[in-house]
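Report on the structure given below.
The values are calculated or read from the model by the stated rules, or taken from the named source; none is laboratory data. Predicted, not measured: the structure shown is a model, and the values here were computed from it. For neighbour counting, all protein chains shown are included, and Cβ atoms are generated from backbone atoms with ideal geometry for every residue, glycine included.
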Amino acid sequence: MKLEKITLKNFRCYNTRTVFKVDDLNCLIGKNDVGKSTILEGLEAFFNDGIDSGDLSTNSDGTEIEITCEFSAVPDTIILDTTIETSPMEEGILNEAGNLEIIRVFKIGKTIGKSIFLNVQNYAHAELSNLLELKNDTLKAKAQVLGVDLTGVTLTKNPPIRSAFRNHFGRDKVNMRIKVDGNLTTENNLKAVWGKLKAMLPIFSLFKVDKNLDDKDGDVQDPMKSAIEETLAIEAIRTRMEEIENMVRLQSTDVADRIIAKLKDIDASLAETLKSDLRKQPNWKGLFDLTLFNEDGIPLNKRGSGIRRLVLLSFFQAQAEKRKADQSAPAIIYAIEEPETSQHPNHQKLLIQALIELGESENTQVFFTSHSANLVREIPIQSLRYITNTGAGLQIEYAWNFETEEEIQETIDSVITTLGILPNPKDSIKVLVYVEGNNDVLALKRYSTIYQMEGEETIDLNDPSVGWVITGGSSLKHYVENSYLSGLGKPEVHIYDGDDITYINAVKEINAMGNPNKVAYNTSRRELENYLHYEAINEAYSANGSQCQLSALDEQDDVPIIVAEHTYTLAGGDWAALGFEKQKKKSDSKKKLLNTQAVELMTLARLKETDGYTEIRGWLDQIEVSSRL
């Protein structure tokens with residue numbers, strides 16, 4: 001499942017109900033003490049009970065903190081309280097949008113009371129709204145009393161019995177809250193329901209900049225703990241642990257039941273009030289301890305903060321690489337507070353690349369706060385979240401309108417002003433290359449390297465004298481630099497895909513000017529990915545531990561779509577069942593790999609085989625000519 005939004009109320013500085021929309025990558029920006037880290041810690045409270053009495057807002061209107069998380073991509077069928085699958089929509093546990101909306105309420109007093117609710121569209125009839133509370137025997141007894149027809153119904157399974165109730169009383173629904181944890185008796189079936197739902201939630205790992213550094217809990221230990229938690233969430237391992245838990249439950253309760261039987265011989269009235277129940281769940285995480293040592297046996301968390309942060313960087317790089325290839329990895333949310341802390345600028349760049357790649361991976365979402373202008377420059381516009389304290393309270397502003405798919409200039413300008421983001425000096429720029437997106441930049445730079453590595457004299461597009469203008473946006477850096485670079489009056493070479501009428505017309509208009517300082521091309525093929533050799537794509541996936549077995553590509557194929565469908569189907573997925581939006585997202589996620597790892601596996605021989613050698617060489621030659629004007 002995927003986190004769609006988090007809502008905070010009475011949690012620290014968020015005393016009024018504040019909704020935070022969530023994307024795959026979320027960069028939180030704002031002045032000091034404005035509430036950026038509070039959002040991460042609100043997630044920590046929701047997922048891991050990280051809360052204390054001091055978290056209640058000083059301006060709260062009561063003694064209760066509410067933290068709500070809404071999750072999309074809920075499976076169509078799940079196992080709730082018996083061994084057969086059921087529909088979460090049928091069971092009335094989803095909200096009006098078809099998402100799983102979970103509300104955690106913390107009542108602050110001498111102790112902290114904890115309750116969990118679901119905000120749902122449940123059945124309106126009085127006899128239906130509490131069906132999930134009832135265990136099997138109670139359900140059957142109630143059906144008999146109310147005259148619910150159970151003919152042909154599997155009586156040992158709860159879902160079909162509940163469905164029979166709904167058939168009997170009607171299926172009109174209303175919005176309501178259902179309490180699933182907190183002061184519920186062991187006889188309440190909702191405890192079992194919540195146990196199943198809780199196991200489906202993503203893992204949440206928070207890495208704080210100011211964590212206490214001791215032998216067992218520090219910046220180094222945290223990624224190790226996260227690695228253990230992710231491993232324990234793997235389906236095969238979790239199934240094995242449940243088998244062990246059930247064996248322990250059966251053996252131990254058998255002993256307890258025999259004790260009760262003996263007690264009954266002594267005092268039957270006392271024994272009638274007793275029953276056995278293994279109530280406490282085992283803490284599997286506490287059984288494992290993973291630590292890193294150097295060659296002298298010194299734990300790394302006893303060394304400098306820079307080294308510890310390098311381990312954190314390496315952790316995210318390793319996870320980004322692993323999760324690209326592992327489609328069965330459990331869902332996880334990483335949250336990092338100021339990842340630039342104690343990092344060399346070069347390491348900051350590596351770290352942000354790793355975080356961006358993690359956000360592009362399946363079942364992975366990333367949050368981080370930052371004050372680094374250089375780091376934030378690299379972030380996609382869609383991922384920026386600006387937090388500001390207005391007269392009406394805290395406000396979360398977005399740099400991207402997700403409905404119209406347009407940039408929100410006011411928010412972008414606020415981010416630029418807050419961080420003091422300026423374009424890098426471009427006095428050495430000799431030529432500007434205009435392309436559609438950042439993936440085009442990555443591919444063209446790598447192609448120029450391939451020509452040079454194989455002995456051909458041509459321009460190096462990695463040279464800082466070549467300036468890049470991303471016409472389609474993509475990141476804050478490009479937003480800042482586009483207007484700056486376009487005003488330099490430098491020679492321009494435009495290279496756009498051949499599948500977009502807008503760019504086709506733009507190329508015609510530029511070339512019609514007859515200005516030698518402005519030259520434009522459309523690709524003869526659909527887009528840059530069509531110049532790839534299918535063997536390079538197959539090898540790139542193989543290097544990541546994934547399968548790809550393409551045998552041919554056409555010059556007008558939508559290559560990212562073909563690769564996405566092909567790899568998803570090979571992994572056992574049903575491509576047609578995904579729907580257009582999910583198909584597009586998977587297709588978009590393939591472009592980075594195609595324009596980096598696959599291009600790196602191209603050779604001039606492969607370019608000649610795909611008939612792309614002459615065309616790409618022509619672009620490079622023109623860029624070199626323009627750089628001398």
For residues in the stretch 381-422 being of a type in the set (A, V, I, L, M, F, W, C) and within 22 Å of T38 (Cβ to Cβ), which is nearest to the chain's Cα centre (by Cα)?
L384
Among residues belonging to the stretch 88-118 that are assigned to a strand (DSSP E or B) and under 23 Å from the mean Cα position of the chain (by Cα), point out the one that is nearest to P75 (Cα to Cα).
L100
What tally of residues in the stretch 346-387 results from selecting those that are surrounded by fewer than 23 Cβ atoms within 10 Å (Cβ to Cβ), assigned to a strand (DSSP E or B) and aliphatic (A, V, I, L, M)?
1
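Residues that are polar (S, T, N, Q): list the helices (runs of 4 or more DSSP H) wholly contained in the stretch 128-217 that include at least 2 such residues.
Values: elements: 136-146, 158-169, 190-200.
Fully inside the stretch 128-217 and qualifying: 136-146, 158-169.
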For residues that are within 25 Å of N401 (Cβ to Cβ) and in a loop (DSSP other than H, G, I, E, B), scanning just the stretch 450-475, find the one that is modelled with the highest pLDDT.
T471
Please name all residue pairs, on different chains or six or more residues apart, with Cβ atoms under 7 Å, provided the first residue is in the stretch 76-94 and is charged (D, E, K, R) and the second residue is assigned to a loop (DSSP other than H, G, I, E, B).
D76/S87; D81/N189; E85/T77; E85/I79; E91/L80
Read through the list (1) at pLDDT below 70; (2) surrounded by 15 or more Cβ atoms within 10 Å (Cβ to Cβ), then give the number of the only condition that L197 fails.
(1)
For the stretch 388-413, which positions are at positive phi and either part of a strand (DSSP E or B) or surrounded by 13 or more Cβ atoms within 10 Å (Cβ to Cβ) (or both)?
G393
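Just a yes or no: is a residue in the stretch 586-599 at negative phi and touching a His at 6+ places or on another chain (Cβ under 8 Å)?
We begin by selecting, within the stretch 586-599, every residue at negative phi; these are 586-599.
This time we only want the ones that are touching a His at 6+ places or on another chain (Cβ under 8 Å), so: none.
Checked against the condition, which is being at negative phi and touching a His at 6+ places or on another chain (Cβ under 8 Å), the stretch 586-599 yields no hits at all.
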Quick check on the stretch 22-35. Is at least one of its residues assigned to a strand (DSSP E or B), in contact with a helix residue (DSSP H, G or I) (Cβ under 8 Å, 6 or more places away or on another chain), of a type outside the set (F, W, Y) and over 30 Å from S589 (Cβ atoms)?
no
Where the second residue is of a type in the set (D, E) and the first is closer than 14 Å to G30 by Cα and lies in the stretch 402-416, which pairs have Cβ atoms under 7 Å and are six or more apart or on separate chains?
T411/E397; S414/E397
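May I ask you to verify whether I416 is crowded, with 22+ Cβ neighbours inside 10 Å, at pLDDT below 90 and not charged (D, E, K, R)?
Values: crowded, with 22+ Cβ neighbours inside 10 Å: no; at pLDDT below 90: yes; not charged (D, E, K, R): yes.
When the stated conditions are applied, I416 does not pass them.
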Having 3 or more residues that are farther than 30 Å from D76 by Cβ is the bar; report the helices (runs of 4 or more DSSP H) wholly within the stretch 530-629 that clear it.
534-543, 604-609, 613-627
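Yes or no, residue by residue, for (1) out of contact with any Lys or Arg (no Cβ under 6 Å at 6 or more places or on another chain); (2) among the aliphatic types (A, V, I, L, M); (3) closer than 25 Å to N462 by Cα:
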{"residue": "E539", "(1), (2), (3)": "yes, no, yes"}
{"residue": "N544", "(1), (2), (3)": "no, no, no"}
{"residue": "T567", "(1), (2), (3)": "yes, no, no"}
{"residue": "K591", "(1), (2), (3)": "yes, no, yes"}
{"residue": "T603", "(1), (2), (3)": "yes, no, yes"}
{"residue": "Q622", "(1), (2), (3)": "yes, no, yes"}
{"residue": "L629", "(1), (2), (3)": "yes, yes, yes"}
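Among the candidates K157, K142, single out the residue that is of a type in the set (K, R) and free of Cβ contacts under 8 Å to residues at least 24 places away in the same chain. First the steps, then the outcome.
Working: K157 fails: free of Cβ contacts under 8 Å to residues at least 24 places away in the same chain.
Only one candidate qualifies: K142.
So in the stretch 574-596, with the set limited to residues that are without any contact (Cβ under 8 Å) to a residue 60 or more places away in the chain and touching a Ser or Thr at 6+ places or on another chain (Cβ under 9 Å), which one is nearest to N439 (Cα to Cα)?
Within the stretch 574-596, the first condition is being without any contact (Cβ under 8 Å) to a residue 60 or more places away in the chain, and the residues that meet it are 574-588, 590.
Okay, now just the ones that are also touching a Ser or Thr at 6+ places or on another chain (Cβ under 9 Å), so 575, 586, 590.
Numbers: W575: 25, K586: 15, K590: 10 Å.
Looking at the filtered set, the residue picked out is K590.
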Which numbered condition in (1) in a helix (DSSP H, G or I); (2) out of contact with any helix residue (DSSP H, G or I) (no Cβ under 7 Å at 6 or more places or on another chain) is the only one that G514 fails?
(1)
Return the pair list, or none, for Cβ contacts closer than 6 Å from residues in the stretch 503-532 that are assigned by TED's automatic domain parsing to the domain that holds Q622 to residues that are aromatic (F, W, Y) and not in a loop (DSSP other than H, G, I, E, B), at least 6 apart or on different chains.
Y503/Y496; N522/Y496
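Among the residues of the stretch 381-396, is any of a type in the set (S, T, N, Q) and at pLDDT below 85? Step through it out loud before you land on a result.
Residues of the stretch 381-396 of a type in the set (S, T, N, Q): 382-383, 388-390, 395.
Remaining after also requiring at pLDDT below 85: 390.
Yes, the stretch 381-396 has at least one match.
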